[in-house]
1. From H240, H272, which residue is surrounded by 22 or more Cβ atoms within 10 Å (Cβ to Cβ) and in the same structural domain as E192 (by TED's automatic domain parsing)?
2. Taking region 47-70, which residues are within 16 Å of the ligand (Cβ to nearest atom) and farther than 11 Å from G135 by Cα?
3. Quick check on this structure: which one of R17, R37, R58 is modelled with pLDDT of 95 or more, outside the structural domain of L233 (by TED's automatic domain parsing), within 30 Å of L302 (Cα to Cα) and under 25 Å from the mean Cα position of the chain (by Cα)?
4. State yes or no: is E363 free of Cβ contacts under 8 Å to residues at least 60 places away in the same chain and of a type in the set (D, E, K, R)?
5. Filter region 91-108 down to the residues that are within 16 Å of the ligand (Cβ to nearest atom) and not acidic (D, E) and list them by number.
6. Are any residues in region 112-139 aliphatic (A, V, I, L, M) and not in a loop (DSSP other than H, G, I, E, B), and if so, which ones?
7. Under the condition of being at pLDDT below 95 and among the charged types (D, E, K, R), which residue from region 283-314 is surrounded by the most Cβ atoms within 10 Å (Cβ to Cβ)?
8. Answer yes or no as to whether L280 is over 22 Å from H136 (Cβ atoms), touching a strand residue (DSSP E or B) at 6+ places or on another chain (Cβ under 6 Å) and surrounded by fewer than 20 Cβ atoms within 10 Å (Cβ to Cβ).
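The values are calculated or read from the model by the stated rules, or taken from the named source; none is laboratory data. Only a predicted model underlies this, so the values are computations on that prediction, with no experimental measurement involved. Heads up, the Cβs are rebuilt from the backbone with ideal geometry, glycines too, and the neighbour counts pull from every protein chain shown.
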Amino acid sequence: MDFAELGPYDTVLRGGRVIDPAQGLDGIADVAVRGGRIAAIGPSLPGPAKSVIDVTGRLVLPGMIDTHAHVYRYVTGRFGLEADMVGVHSGVTTLVDQGGPSLMTFPGFREFVVKPAASRVLAFLSAYMVGGLEGHYYPELYRPDCIAVEDTIRSGRENGDLVRGIKGHAEIGGFTRWGDEAMRRAAQIAREIDRPLYIHFGQLWPLPEDAASYDPDAILPEMLEIMREGDILAHPFTRHPGGFVDRHGRLHPVVREALARGLKTDVGHGSHFSFKMARLVLEAGVLPDTLGADMHGYNTTLPKPRGTPDEHPDKEEMHLFAGKQNFSLASAMTSMLALGIDLTHVVRMVTVNPADMLRMTGEIGSLRVGMEADVSVLSDERGRFLLADNEGTQVVAERLLRPVFCLRAGRRYDADAIVLPSPVLAEAA
Ligand SMILES: [Zn+2]
């Protein structure tokens, strides 16, 4: 190819370790951007560029995709975070809001969140009429007759550019109250709009008083009858009952069957993340497909909007680095590496796999020439870093990933978000 003929590049990222599982790439290479798109990729690219950024020693990845974000700021009260804080200013180019907007609030989401954000923002539309108001704080708003199936189908169809799936919750608080009816309706919506259903597992709502007891381990098998190939089981590493690990402390026997049927798994990391549960699930041979950070206003240390509740079922702040400012998608990647998942798969979990889940393969999740130039640049540090979950388990990570900057459609954003954690050295703790 004659590069001179193509004219100068806008930006060249020079000398980083480029990992793009979609193209089977892993090696030292330059990435050139022109007109907001990937113009070339290869070792020692010739040709002039307006801006050359030395990324020697850095990881250069396709723009990272956070499959589990909560960014319907203000409308979801304390729950929703500022999109660009967890997006481009945390090295993440695409965010998927999980169940914030609903048929009633989607126009506001498009206008006030998606349009002004520098980050690409997509959504799994809430199955419930009220969406994720205050982080699903009031269980009675989530009963089956608060799901408007036909209207939600219409909202999903008419917003099909942004609505990549449907979000629901299969957990003991809801199943005790109403059984699986709400989830049957959620699945019906997903089928009609031909998008995957993303299901939260692990207790969210408190049990009602004087309720008949319901076995949390019965939820997964019941959901297996409702879910189909391509649907997503979320929170496999949760410590809450009703997840992948049953009451005997073993992988729930139906999980393998679910995966054999083509269901996918997403690590919505969050504050219920448990190293112990993660090890049990991984040792049983289950490797999750995608990785969402699941950050929201109750598990981060941020000022709360006036008048919002203090108490919440998911109110524990997550300090992955033992007491220092919160976490990010990159720190969730660090905890996956600490669990022994290899780097290539961890990169898959935030690039090509979510692109597949969103049915946007070829649009995002790769650095293929011609695609929009969404690129994440991370530092890859070695040492002994102390990680901790909210069960009190401490783990020493020998490798730490930290966002440095990203390009979103070719434009640079530094990773300077207030939520980004400072690592803690194991020796210093
Ligand atoms: Zn969540």
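1. Values: H240 fails: surrounded by 22 or more Cβ atoms within 10 Å (Cβ to Cβ).
The unique qualifying residue is H272.
2. Scanning region 47-70 gives I65, D66, T67, H68, A69.
3. The unique qualifying residue is R58.
4. So E363 fits the description; yes.
5. Answer for region 91-108, where residues must be within 16 Å of the ligand (Cβ to nearest atom) and not acidic (D, E): V92, L95, V96, Q98, G99, G100, P101, S102.
6. Result: V113, V114, V121, L122, A123, L125, L133.
7. It comes out as D314.
8. Yes: the conditions hold for L280.
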